[in-house]
Amino acid sequence: MRILEKRLKVFKTSSAARCQTHRCRNRIAYGIGSRGEKHAGNNYFCEQCIEQIGSSMPIELLSNNPEVQKLIVPSKEKDLECENQKLKEEIERLKEEKSLIAENAGQLQQAIESLEEEYRKLANVKEPAKPRTTTGKKTTKSGGKNR
């Protein structure tokens with residue numbers, strides 16, 4: 001007895017049925033299974049869901065079907081382009097931040113030098129002598145006058 005090998009394929013279909021992804025209400029565009037199987041033997045997805053399925057699959061598992069690759073490969077390329085753009089923007093932001101930090105550091109260094117110079121000037125000026133204060137007559141413990 002010969003065992004019939006079943007091969008799953010992604011195939012384009014059109015029907016008024018709804019996508020089988022939970023809470024997706026789009027109409028189906030693709031099926032996964034065998035084209036000759038009964039409708040219940042296959043899984044059916046809309047275009048957006050099949051793109052998400054394909055973009056999450058490792059490249060070595062992707063189908064050789066050109067129709068599927070048209071949907072999946074551009075999606076992966078778009079993701080990479082978006083990631084590259086985000087990285088470029090982050091690099092630019094970090095460069096701007098670095099230049100602001102360098103500018104602030106230069107301003108802080110000038111302020112420190114200015115304060116040091118003022119301190120040196122003030123240190124060179126002698127303080128005037130404090131005047132002596134007299135409290136009057138000194139008394140002894142017994143309350144008498146000192147002689």
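Annotation: amide H of Thr21 within the under-5 Å range of Cys46, sequence separation 5 or more or interchain, hydrogens built in the peptide plane. Compared with the alpha-carbon gap, the fully stretched path from Glu81 to Leu115 is longer by 7.2 nm at 0.36 nm per residue. Here each label is just a point 7 Å from Cα along the line to Cβ, and for Lys98 and Arg27 those points are 5.4 nm apart.
Highest mean first, what order results for 83-96, 23-36 on Cβ atoms within 10 Å?
On the way: 83-96: 10.0, 23-36: 15.1.
The peptides rank, most packed first, as 23-36, 83-96.
Taking the Cβ-Cβ separation of Ile91 and Gln52 as r and a Förster radius of 35 Å, what is the calculated FRET efficiency to the nearest 0.05? In this case the efficiency is close to 0.75.
Could you work out how much longer the chain between Gln107 and Arg35 gets when fully extended? Use 0.36 nm per residue separation minus the Cα distance between them, nm to one decimal.
Numbers: separation 72, 0.36 × 72 = 25.92 nm, distance 7.25 nm.
Stretched out fully, the Gln107 to Arg35 stretch lengthens by 18.7 nm.
Highest-first packing order for the peptide set 8-17, 98-107 is 8-17, 98-107, based on the mean count of other beta carbon atoms within 10 Å.
Read-outs: derived from the displayed coordinates by stated rules, not from any lab. Note that the structure is a prediction, hence the values are computed from the model and not measured. Neighbour counts run over all protein chains shown; Cβ positions are idealised from the backbone, glycine included.
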